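The structure under discussion appears below in the form of structure tokens.
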Amino acid sequence: MKAVTITAAGGPEVLQISEVQTPPLPTADRVRVRVRAAGLNRADVYQRRGYYPAPPGYPQNIPGLEFAGEVEAVGDEVRTWKIGQRVFGITAGGAQAEYLVVPENHLAEIPENLDWPEAAAVPEVFITAHDALFTRANLRAGESMLVHAAGSGVGTAAIQLASVAGATTFGTSRTAEKLERAKEFGLSKAVAVAADPQTMVAPVMEWTRGRGVNVIIDLVGAAYLEANLHALANQGRLVLVGTTAGANATFDISLAMGKRLTIIGTMLRGRSLEEKATATRLFAEQVVPLLAAGTMRPVVDRVYKMEEIRDAHARMEGNESFGKIVLLM
């Protein structure tokens, strides 16, 4: 089969399309999927640079955390899926290839109204956002939510999910244009943050009449920690999802104590198979029906052919994208 491969740690030039061994026929509860499209994520960029290796048991040279395709073969214990069904899901690596083998409980059925690129733009970002908002932060109707990098895949998913749940949504980005576009998906108010993240605190306090926000989904990292603590309401919840702006920061313990804050770290890729199965089940039960009804929709920035993988990485690293970059397999 053909696959995107990383030939060495480095820039986009180390990526190539290679002929690699097709995964063997599945056994037990495993499913082999003929991948039609795969999403591109920051984790793929970090893996290519040599900063973020795949967990044990997953290919180190084939990136890809999410996919959409057709069931091509099933193990003898599989009861949920039949050959030919359209499915999408998550994995810890290897999704940017023509075939992939995954546990049957890491899959969900693609709604009929989504084509391959749209379907591939869904799993990683919507499962991450849903898990962060509701499983981790317990966001409730009537509360407020602030997401950093509001124009990203997870950002646009979080805005839609929080809006549907009856929460007020706020956002930040380094680009005012992305924030304006995000309003189409339910973003209520936003502020462009350039060099100093502290500039977001005053607008947040104005929007919330001095209370602060109940939940912050931080896709950026260390540079925003201090501002996050000041922007949160009493008993607020901060969910740490990304580290594009660093992983080490000074932490004001007294501020967190005084506000009775809850600080939560989360990562989807490194979880156990059982945890991923639970997150996928909740996604299938609570998110997929909303996608099928058109209440929410994936946000596709640009679609690239597999052979254009270097261009896709360059676009992501240039921070030009709004929503998801997708590869056609």
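Any read-out appearing in this document is the output of simple, stated calculations on the displayed coordinates, not a laboratory observation. Every value quoted in this text rests on a predicted model; they were computed, and no experiment measured them. Here Cβ is always computed from backbone atoms with ideal geometry, including for glycine, and neighbour counts include all displayed protein chains.
Please report, in whole Å³, the volume per residue of the convex hull around the C-alpha atoms of segment 95-159.
Value for segment 95-159: 132 Å³ per residue.
Could the peptides 175-181, 101-107 be put in order, highest first, of the mean number of other beta-carbon atoms found within 10 Å of their residues?
Highest to lowest by the protection proxy: 101-107, 175-181.
Does anyone have the angle between helix 153-164 and the longest principal axis of the chain? Alpha-carbon axes, 0 to 90°, nearest 10?
Around 60 degrees separate the two axes.
With no solvent and one equal point scatterer placed on each C-alpha of segment 206-329, evaluate the Debye formula and give log10 I(q)/I(0) for q = 0.09, 0.10, 0.12, 0.18 Å⁻¹, two decimals.
Values, matching the q order: -0.40, -0.49, -0.70, -1.20.
Give, to the nearest whole percent, the P(r) tail of segment 264-329 beyond 16 angstrom, counting all Cα pairs.
65 percent
Just to confirm a number: summing +1 for Lys and Arg and -1 for Asp and Glu over residues other than Ser18 whose beta-carbon lies under 13 angstrom from that of Ser18, what do you get?
Summing Lys/Arg as +1 and Asp/Glu as -1 gives -2.
Dividing the convex hull volume of the alpha carbon atoms of segment 219-263 by its residue count, what do you get in Å³ per residue?
That works out to 57 Å³ per residue.
Let me check I've understood the local charge: for Ala121, count other residues with C-beta under 12 angstrom from its C-beta, Lys and Arg +1, Asp and Glu -1. What total comes out?
My count for the surroundings of Ala121 gives -2.
Among Asn228, Ala95, Tyr58, which residue has its Cα positioned farthest towards the positive end of the charge dipole of the chain, with +1 placed on the Cβ of Lys and Arg, -1 on the Cβ of Asp and Glu, and the dipole taken about the Cα centre?
Result: Asn228, furthest along the dipole toward the positive end.
Any idea what Rg and Dmax come out to for segment 53-177 if you just take the C-alpha atoms, in Å?
16.7, 52
Excluding same-chain pairs closer than 8 in sequence, count the lysine pairs in the chain whose Cα atoms lie under 18 Å apart.
Qualifying lysine pairs in the chain: 5.
Over the Cα atoms of the chain, each weighted equally, I'd like the Debye log10 I(q)/I(0) at q = 0.07 Å⁻¹, rounded to two decimals.
-0.27
What Kirkwood radius, in Å to one decimal, follows from the Cα pairs of segment 171-231?
With all distinct Cα pairs of segment 171-231 included, I get 12.0 Å.
Looking at segment 9-108 from every direction and averaging, what is the projected area of its Cα convex hull in nm²?
6.1 nm²
Give me the dipole magnitude in Debye, nearest 20, for the chain about the Cα centre, with unit charges on the beta carbon: positive for Lys and Arg, negative for Asp and Glu.
The dipole magnitude comes to about 620 debye.
Quick one: Debye curve from the alpha-carbon atoms of segment 143-195 only, equal weights, vacuum; give me log10 I(q)/I(0) at q = 0.21, 0.28, 0.30, 0.32 Å⁻¹ to two decimals.
The calculated log intensity ratios at q = 0.21, 0.28, 0.30, 0.32 Å⁻¹ are -0.59, -1.02, -1.16, -1.30.
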